[in-house]
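Notes for the one structure printed next.
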Amino acid sequence: MDIFTFGVVGSGQMGNGIAQVAAQSGLKVIMSDIKEEFVAKGLAVIDKNLARNVEKGKMTAAEKEAVLGRIKPTVNLSDMAAADYVVEAAVEREDLKFNIFKELDSVCPPHVMLASNTSSIPIGRIAFQTKRPERVIGMHFMNPVPVMKLVEVIRGIATSDETFQITWNLCEKFGKTAAQAADYPGFIANRILLPMINEAVYCLFEGVGKPEDIDTVMKLGMNHPMGPLALADLIGLDTCLAIMETLYNGFKDSKYRPCPLLRKYVEAGWLGRKSGRGFYSY
Ligand code: CAA
């Protein structure tokens, strides 16, 4: 099965990154969101990233224009009818993703595969919203998408071998390395990463360390490229909380209890870089 047109639902920090790597690999891309201003912002981020590549001599100005020319923005999810494969990268909320998958299932031809970039919602539950569970899979990119080499590929219980293989091949086409994870809450990446971040928030909550000290320990002591609190700000604190809730509810194990301070920040609208304030100010 050949993929020529790649659909991306959501033009936020994950969606625009996925659209960029797909367009850079030569595919035509349809990038959708619910408002014109969101798709315009997503396109502006891609433009800025590509312009940086041109400045660094990694790409010519003509190549940049060709990549941008392959991305068609839209505010109509029904435009995904023209895509050969669709990945959903909307906000990490189950009700919202379920509605998107129901709508995609009704507009996309039955042979089209539907992937979710969910960071922790079970693929089986998402697949159950459609009449094509064998064509639903997890395609979990890491942030920032153009830089990070990994894509975690998650097979739902009903995912077919063909869906898995085509998804795996797409990751390679995008210049990424895929790793396979089974469909349990948090998969592999966030099952390990988020409890570490949550523990860093507990260290702050309990006064064990200031944000700078917590991050310095992990950066210089463990050679992490950035500290856990700075990384939480990059991921988005609402997303971090949503993932911890999924782990906590999914395993019913108190070791995944979200730190109350994380919840307090999210309730105050301190969501990290995207809102200008998280554990640090931007
Ligand atoms: N978009 C595109 N490119 C970016 C970028 C962005 N947002 N941020 C940085 N880059 C590029 C830079 O342009 C630079 O490119 P060149 O090598 O071509 O010059 C390169 O990345 C390195 O950037 P910097 O020199 O500015 O900074 P750095 O060396 O500190 O790297 C970083 C920045 C890549 C973000 C690095 O700090 C890092 O790897 N951090 C950890 C990121 C991480 O753990 N991501 C996973 C998050 S978890 C997740 O996404 C899953 C989930 O479900 C929550």
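The values are calculated or read from the model by the stated rules, or taken from the named source; none is laboratory data. Please read all numbers here as calculations on a predicted model, not as lab measurements. Methodologically, a virtual Cβ is constructed for each residue, glycine included, from the backbone with ideal geometry; neighbour enumeration extends over all protein chains shown. Calculation scope for accessible area: heavy atoms of the full protein, side chains included, ligands and nucleic acids excluded. Shrake-Rupley method; radii C 1.70, N 1.55, O 1.52, S 1.80 Å.
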Within the stretch 35-82, restricting to residues that are within 16 Å of M14 (Cα to Cα) and small (G, A, S), the one that is farthest from the ligand (Cβ to nearest atom) is A40
Residue by residue through the stretch 130-172, note down the ones that are more than 12 Å from the ligand (Cβ to nearest atom), open to solvent by 40 Å² or more (accessible area, probe 1.4 Å) and in a loop (DSSP other than H, G, I, E, B). K131, I157, A158
When residues of the stretch 56-86 are filtered for being under 24 Å from N169 (Cβ atoms), in contact (Cβ under 8 Å) with a residue 60 or more places away in the chain and open to solvent by 30 Å² or more (accessible area, probe 1.4 Å), how many remain? 2
Cβ-Cβ below 7 Å, separation at least six or inter-chain, first residue in the stretch 135-154 and free of Cβ contacts under 8 Å to residues at least 40 places away in the same chain, second within 6 Å of the ligand (Cβ to nearest atom) and of a type in the set (A, V, I, L, M): which pairs? M148/M142; L150/M142; E152/A189
Please determine, by comparing only the residues of the stretch 32-55 that are of a type outside the set (A, V, I, L, M) and free of Cβ contacts under 8 Å to residues at least 24 places away in the same chain, which one is least open to solvent (accessible area, probe 1.4 Å). N53
What are the residues in the stretch 98-116 that are under 19 Å from A158 (Cβ atoms) and either hydrophobic (A, V, I, L, M, F, W, C) or open to solvent by less than 20 Å² (accessible area, probe 1.4 Å) (or both), if any? F98, I100, F101, L104, C108, V112, M113, L114, A115, S116
Matching entry among S78, S120 (being closer than 26 Å to T177 by Cα and small (G, A, S)): S120
